[in-house]
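The next block holds one structure in the form of structure tokens; read it before the comments.
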Protein chains: 4
Amino acid sequence: MTRRYFHSDNEAGVAPEILAALARANEGMAHSYGADAITTRLTARFCEVFEKQVEVFPLVTGTAANSLAIAQLAPPCGAVYCHVEAHLNTDECGAPEFFADGAKLIGLDGEHARIDAATLDHTLRHAGALDVHECKPSVLSLSQATEHGTVYARGEVTELSRIAKSHGLRVHMDGARFANALVQASCTPAELTWKAGIDMLSFGATKNGAMMAEALVVFDAALAQELARRRKRAGHLLSKMRFVSAQLEAYLHDDLWLRCAKHANAAAQELGAGLARVEGVALLHPVEANEVFVRLPAHIANGLHAAGFGFHRWPRTDDCYRLVTAFDTPHEAVEELLATARELAPAR
Amino acid sequence: MTRRYFHSDNEAGVAPEILAALARANEGMAHSYGADAITTRLTARFCEVFEKQVEVFPLVTGTAANSLAIAQLAPPCGAVYCHVEAHLNTDECGAPEFFADGAKLIGLDGEHARIDAATLDHTLRHAGALDVHECKPSVLSLSQATEHGTVYARGEVTELSRIAKSHGLRVHMDGARFANALVQASCTPAELTWKAGIDMLSFGATKNGAMMAEALVVFDAALAQELARRRKRAGHLLSKMRFVSAQLEAYLHDDLWLRCAKHANAAAQELGAGLARVEGVALLHPVEANEVFVRLPAHIANGLHAAGFGFHRWPRTDDCYRLVTAFDTPHEAVEELLATARELAPAR
Amino acid sequence: MTRRYFHSDNEAGVAPEILAALARANEGMAHSYGADAITTRLTARFCEVFEKQVEVFPLVTGTAANSLAIAQLAPPCGAVYCHVEAHLNTDECGAPEFFADGAKLIGLDGEHARIDAATLDHTLRHAGALDVHECKPSVLSLSQATEHGTVYARGEVTELSRIAKSHGLRVHMDGARFANALVQASCTPAELTWKAGIDMLSFGATKNGAMMAEALVVFDAALAQELARRRKRAGHLLSKMRFVSAQLEAYLHDDLWLRCAKHANAAAQELGAGLARVEGVALLHPVEANEVFVRLPAHIANGLHAAGFGFHRWPRTDDCYRLVTAFDTPHEAVEELLATARELAPAR
Amino acid sequence: MTRRYFHSDNEAGVAPEILAALARANEGMAHSYGADAITTRLTARFCEVFEKQVEVFPLVTGTAANSLAIAQLAPPCGAVYCHVEAHLNTDECGAPEFFADGAKLIGLDGEHARIDAATLDHTLRHAGALDVHECKPSVLSLSQATEHGTVYARGEVTELSRIAKSHGLRVHMDGARFANALVQASCTPAELTWKAGIDMLSFGATKNGAMMAEALVVFDAALAQELARRRKRAGHLLSKMRFVSAQLEAYLHDDLWLRCAKHANAAAQELGAGLARVEGVALLHPVEANEVFVRLPAHIANGLHAAGFGFHRWPRTDDCYRLVTAFDTPHEAVEELLATARELAPAR
């Protein structure tokens, strides 16, 4: 029955290819703290994938990746701009502020959790009026995909980065669902990141089939100074790091990451389109990654729950719900949910 | 000419009574770090003024008072609610977040920079939905007077505190202009603070005639635990503390603080009422303390500046201005400004 | 050849039982962030093992476990006492200070990296003389096994805790090699921890056969307040936590942890005893866990390295070396190393 | 009787010239937060005094000056070397660690609280062996005068700075008693600081006749980046800053600071020399500034206390005492103390 869970892609398991890679990584001894052969290969692989010399810091949580990035890019008295609904701002219990020694997150508006370029421009033009009384505008963080399951087009990333950089900011991308965004954006990893102005990427894999594996990818080595020490002092330097690197290596091998994301996105598309056709149901945001946000009448929401389908009401709302698909969501689970929803709805 | 400055009450000097007290405090040696007789007397005096056994921490800036209070009341992963325009949130360069090890300030809306009770209630009812992913709702901070020169009535403070406490929060009052608010609120210091639910007060004196003197007043000794060490490690334990305490003692002596505030408030009243009668000028907020917020036509604003009157345009606006009066603002300065404004306006 | 590595127990792999548990944990979906069935069972298991109601926080690094513990037990202006050579003090890049918002570690002396009771007593008797100018004595942290591979006897832990508690301190145990210490100490887990005065234990598993699994075990629920949020904001709340919990469950199952530790300790005993008999070699510390510290003549050190044996020179020394055994160190590797050493030594 | 206090130079009052300067600064209004004319003049004056373009940050405590300097010079994962007895390390309740986001202070040995050059060299040669597991060696902090009232000669400062810089460190000088050290060192302010390799100086005035006035002097503008914001977010940007600047201006005017320091040092010389001649009394450190450290027999210590002389026993000792002279210590107070001590001692 658990295949009926649409709570979160974190409830899915691990792709078999990744589990197999862990077993392989266990053969023989290996140097610790990232001095192993797998981690070395992994960096080379990331350079290929992003068509650039990059620095890679394997990690186990997206919170760590995001927070290390923010801490690295923002001075202690820095202001960090993100969407007001960004995970960074709402769901990380102040982790970025903690890692960045009290840096201040400033939430920006924008439809479907995408920062509006005009809003960013207006905000940055007026920032700094208070001189040292105000935190120094330092970082823009974009979530890709966003907290509402939408995706910035490549041109949108480029434009937002351009505005930010014209005001001296650095740009971070929270890619907890980067693969899901990438397959939607139909461009290369390079095009969606550093070629569009991104300085650091939190590259997520856990939600898309890994066990516990993220990577902080730094596109400009100058920005990685002392980042290795920051990782250590945050308790995020794993002694047997090869077991994180092995997950990421398998994830990037043979397009596994893209196949996983395509599957999840397709399932979400089907789910969203199907729900939108049910009487009384309204899609709240375009379905562009692996999340579906809908307004559900109470009897449908309750009926689905009663039928064993798991999904969460969105915090601070009464009737909005999020359904998340994963790399392994069975087609039948989507079909059964849609069939149940249709049965619960009154005939048109 | 400098008497024509309405930029800020920080540009005023020091009341003669306070300067005299500094000279008196200089007679003979005295124990350091607050172990002197003046500091001891000062605490007793505060207990009288607030009709309660309180703990008093003399300080030299409002930023320190506010930030120590927030750090003391909020756990490291705490959420602190204040008005979105509160000084705490906009003008202290992240000091509260720094002192409180990354605690998160959450800005609330409300007309004239006063937090709306319904907004607070709604926010706190929905807070906590994200469990540990969300900062723990911990503190409400009220500015009295507010950043827009308005004042919470005693009943409003009581109601906001009641809501906060029903959700387990502590309540802080930023009283950088406490005296100005108090004389407006027409009640006792006790009634406007601990009797209305306030746990800690940043008691300001600098803006109202002191040289550099504020006090953090703690109404519940249990909340002051290790606060003395927090003050020290923030570099705010002055070795010759008697010279801060002496300012506060003189400030509280013979109602000097209330007389100073009444003077400043009256000057602001006159200034606000006079400006409101000038063609093209609009008051933006009720004048309830010593600040006047107006929308000025460009020719009036420019003309006043050209005539030597100093005042600031409000950040992030095009035509809104703030004029601040002080304990020693000369009546003639107000009259001259009004006369000049009237001359600049077209005849009605 | 890598079986010839004695650099660190972190270079060993993962016990087959633990790898199998990860595969089993991958069956089906499961709730995220620790709301899964495995994590629930794990807490119950820890309660059994420690014969007490405990709170358990699965983690992936010892640095995180130690630093969260210190942050939880020490106020921001707290002083934390540990051995001057403790891992906490020398090898964590300031992580405890970072997590604990600047708390101060104070290194104590003692032979073989064990804190001397008289030194602790003397230090604490004189602490506090500087009042608020000094950090508040708050925590004692004991490493078990110590940084020099020695073990505190149960009575020693009890005595040090007693002294610490008589001065109002809390007591933490850094058990990165807790299993190795436990099998040496010949007592129950409870006897070596809470019954001996320990308040929190960093329970290590990674070095003893897990992939990435540690647990912060809290013996008094009152001390765990907001610890879940601290974990989150440090980026240490894993979304697919079941894969950490599964490691720990397998580790504790059927005495795997004790068997692994006994194997490693026995290998170290053999290695230490054998090396001590080689001409020119001197044991630096008693071998009580899975580490051997020796002074080696240059020709022996170099000869062993040339023969492919891996081990590190101890930092800040010229001729002192550490050899570490692990849960899976082959008997032959130890014998080969000893044979090589004997060949390198001049005949007696 | 209070003229009999030798507890601390913090118990002295304010030089009349400085009090007068405060009264003068009170004439008219002035821009706030350091935009006033006095602060502008002050920077120019510091440039003259130090024969260099410097940046000056007026402050009110030495703790703030030191901690801001350390925070500015050390990265968050930095190691800061100072004498193990340095005020920074023992008396500031962890302030440097707090300001510097958990940077680690490492205490070095050396006779009479002066860091030994060989020790520094040896320490820095071995630092870094643990790579990212170790804090990054970043700052050397020298106290001038030292915590034991001794003074580094100009050549000693130069040599220590040279060693530090050869390892990539920056050098800070804690000059809480800089004037006292300077008059002893018989060289120019420039020679004792930036010409000897100092990057930042905590320039103290409070202990030497000011009311509450210190300055952080930065010799290389590149090192002052965002320091103004750091000051603000620590609550150390005073709104009526002119009243701090006025103290410093008067302090530097007409050699007041040097005259004050010479007086205090001469009094200490007399006190030290006199006490050394008393039977049973031993000088513990050379008297090179305004502090005298002596071992006193119990009957002399008690007898002096009974006679109304105030001075402290040195923390963590049984029979060592510190006596401090100040800019205004009356000659008779010294003579009376010496006479009393002689009476208390048995005839030789």
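The values are calculated or read from the model by the stated rules, or taken from the named source; none is laboratory data. It should be emphasised that the depicted structure is a prediction, and the values quoted were computed from it without experimental measurement. Ideal geometry is used to build each Cβ from the backbone, glycine not excepted, and the neighbour counts take in all protein chains shown.
Some notes on this structure:
- Looking across region D:304-331 at every residue that is closer than 20 Å to D:L344 by Cβ and of a type in the set (D, E), the one that is modelled with the lowest pLDDT is identified as D:D318.
- Restricting attention to region B:227-253, the residues that are in contact (Cβ under 8 Å) with a residue 12 or more places away in the chain and over 16 Å from D:M211 (Cβ atoms) total 8.
- Matching residues in region C:193-214 - criterion: being touching a strand residue (DSSP E or B) at 6+ places or on another chain (Cβ under 8 Å) and among the aliphatic types (A, V, I, L, M): C:I198, C:M200, C:L201, C:A205, C:A213
- Every residue from region A:163-190 that is of a type in the set (G, A, S), closer than 18 Å to A:C82 by Cα and surrounded by fewer than 22 Cβ atoms within 10 Å (Cβ to Cβ): A:S166, A:G168
- Residue count for region C:270-301, restricted to those that are out of contact with any strand residue (DSSP E or B) (no Cβ under 8 Å at 6 or more places or on another chain), more than 17 Å from C:Y152 (Cα to Cα) and not β-branched (V, I, T): 9
- If the condition is being surrounded by fewer than 21 Cβ atoms within 10 Å (Cβ to Cβ) and outside any loop (DSSP other than H, G, I, E, B), then region B:138-162 contributes B:R154, B:G155, B:E156, B:T158, B:E159, B:R162.
- Taken over region D:26-58, the criterion of being touching an Asp or Glu at 6+ places or on another chain (Cβ under 8 Å) and farther than 17 Å from B:M212 by Cα is satisfied by D:R41, D:L42, D:T43, D:R45.
- Scope region C:55-93; condition buried (at least 24 other Cβ atoms within 10 Å of the Cβ), assigned to a loop (DSSP other than H, G, I, E, B) and over 17 Å from the mean Cα position of the chain (by Cα); matching residues: C:A74, C:P76, C:C77
- Region D:249-267 - residue that is within 16 Å of the chain's Cα centre (by Cα) and among the small types (G, A, S) and, of those, nearest to D:I38 (Cα to Cα): D:A261
- Residues of region A:39-72 classified as more than 12 Å from chain C (Cβ to nearest Cβ), in contact (Cβ under 8 Å) with a residue 60 or more places away in the chain and not hydroxyl-bearing (S, T, Y), total: 14
- Close pairs (8 angstrom Cβ cut-off, 6 or more residues apart or separate chains): among the acidic types (D, E) in region D:203-225, assigned to a loop (DSSP other than H, G, I, E, B) anywhere: D:E214/D:V60; D:E214/D:T61; D:E214/D:A176; D:E214/D:A205; D:D220/D:D199
- Which listed residue is touching a Phe, Trp or Tyr at 6+ places or on another chain (Cβ under 9 Å), within 14 Å of chain D (Cβ to nearest Cβ), more than 21 Å from C:T61 (Cα to Cα) and not basic (K, R), from C:L120, C:L124, C:L130, C:L160: C:L124
- Enumeration of residues in region D:191-238 that are within 14 Å of chain B (Cβ to nearest Cβ), buried (at least 24 other Cβ atoms within 10 Å of the Cβ) and assigned to a loop (DSSP other than H, G, I, E, B): D:A205, D:G209, D:A210, D:M211, D:A213, D:A234, D:G235, D:H236, D:L237, D:L238
- Test: residue in region B:101-110 that is part of a helix (DSSP H, G or I), touching a helix residue (DSSP H, G or I) at 6+ places or on another chain (Cβ under 6 Å), surrounded by fewer than 24 Cβ atoms within 10 Å (Cβ to Cβ) and not small (G, A, S): no
- The test for being surrounded by fewer than 24 Cβ atoms within 10 Å (Cβ to Cβ), free of Cβ contacts under 8 Å to residues at least 60 places away in the same chain and within 14 Å of chain D (Cβ to nearest Cβ) does not hold for B:R295.
- Number of residues in region D:1-19 that are more than 7 Å from every other protein chain (Cβ to nearest Cβ) and part of a loop (DSSP other than H, G, I, E, B): the value is 4.
- Among (1) of a type in the set (D, E, K, R); (2) loosely packed, with under 14 Cβ neighbours inside 10 Å; (3) closer than 22 Å to C:N208 by Cβ - the single one C:E343 does not satisfy: (3)
- Single unsatisfied condition, C:E111 versus (1) free of Cβ contacts under 8 Å to residues at least 12 places away in the same chain; (2) at the interface with chain A (Cβ under 9 Å from one of its Cβ atoms); (3) of a type in the set (D, E, K, R): (2)
- Contact map, region D:315-327: residues that are over 24 Å from D:H263 (Cα atoms) paired with residues that are exposed (fewer than 14 other Cβ atoms within 10 Å of the Cβ), Cβ distance under 6 Å, separation 6+ or inter-chain. Pairs shown: D:R316/C:H126.
- Some residue of region A:63-76 being modelled with pLDDT under 95 and at negative phi: yes
- Condition met for C:H83 (more than 11 Å from every other protein chain (Cβ to nearest Cβ) and touching a strand residue (DSSP E or B) at 6+ places or on another chain (Cβ under 8 Å)): yes
- Looking only at region A:20-29, and only at residues there that are modelled with pLDDT of 95 or more and crowded, with 19+ Cβ neighbours inside 10 Å, the one that is nearest to the other protein chains (Cβ to nearest Cβ): A:N26
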